[in-house]
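The numbers here are math on the coordinates, done by the rules we state, and not lab data. Quantities reported herein were computed from a predicted structural model and do not represent experimental measurements. Cβ: placed from backbone, ideal geometry, glycine included. Neighbour counts: every protein chain shown.
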Amino acid sequence: MSALQDHLERGVTTLARCWAVIRKDGVVYGFTDHDRPLGFDGITFKADSGMTARAIMSASGLSVDNSEAMGALSDAAITEADIEAGRFDGAEVKAWLVNWADVSVRSLRFAGSIGELRRAGGAFHAELRGLTERLNHPQGRVYQTPCSAILGDVGCQFDLGKDGYSAEVAVEEVIEGRRLSFANLFSFEPAWFERGRLDVLTGEATGMVAVIKRDRFVGSERLIEVWESFRAPLVAGDKVRLQAGCDKRFETCRLKFDNAVNFQGFPDIPGDDWLLAIPTQGGANQGGSLRRGG
């Protein structure tokens with residue numbers, strides 16, 4: 001930063017702005033408003049990409065920094081198909097002020113992620129959310145009967161790589177974009193994948209993820225339905241990974257996954273029916289303890 005400050009104090013500067021967009025699938029895009037490509041940190045920042053950004057608004061304290069990136073849709077960079085498929089949702093964004101004559105002299109001016117992304121008139125507009133945006137997310141645990149963990153996360157600690165809890169298979173048929181049929185997939189119990197995860201491994205929809213709504217047998221085939229249609233073409237022959245589902249109940253955790261020790265819910269908390277219970281005609285209703293010996 002001191003080297004950049006020295007450069008700024010000279011009065012005559014050679015400055016450019018660079019942006020990096022890092023998608024969740026690992027694909028990296030680099031853009032610059034300079035008239036020639038620049039490169040650093042293993043990223044090539046393309047010139048004349050049609051991408052610009054408004055001034056970054058920031059303040060001290062815990063207020064949320066934000067900006068907006070704008071650009072033209074092009075096959076060489078960000079495409080409408082990728083935006084429609086959701087590949088840029090939540091992507092990481094970094095922005096630098098760079099001395100283009102010596103790219104080692106630079107300053108990171110913004111770090112965050114893409115929020116709302118919209119398209120209009122052959123261009124895209126991406127809302128950029130700063131790191132303090134995460135402070136708006138609820139934190140802590142909720143006291144509730146079902147488990148609050150996600151299957152396989154740090155709270156659950158279940159090893160999803162165990163045999164019998166996932167399968168990689170080719171799709172036989174796709175119906176209405178969200179119902180998939182599979183042949184010769186009978187080694188798993190009915191509804192085994194219900195509430196589970198489906199990852200697309202090959203084809204145009206590679207990297208897409210869906211939550212499984214229903215898993216049942218129909219004749220000689222297994223029919224799996226997801227909650228929403230895929231936002232990229234999924235066709236017969238594409239390979240997907242099916243992951244066992246969890247309904248968050250203690251009995252499921254204990255019997256299906258043998259993971260009761262890591263259950264993140266509170267199954268013994270009395271429910272509303274207990275709070276609203278009234279005396280009954282049968283039994284001894286003398287106002288004493290409900291526990292044995294009371």
### Query
Any idea what diffusion coefficient segment 166-243 gets from Stokes-Einstein, in µm²/s, Kirkwood Rh on alpha carbon pairs, 4 °C, 1.567 mPa s?
108
### Task
Provide the net charge surrounding Val218, with neighbours chosen by a C-beta distance below 14 Å and charges set as Lys +1, Arg +1, Asp -1, Glu -1.
-1
## Note on the structure
Rounded to one decimal in nm, the spacing of the 7 Å Cα→Cβ label points at Arg214 and Ala191 is 1.3
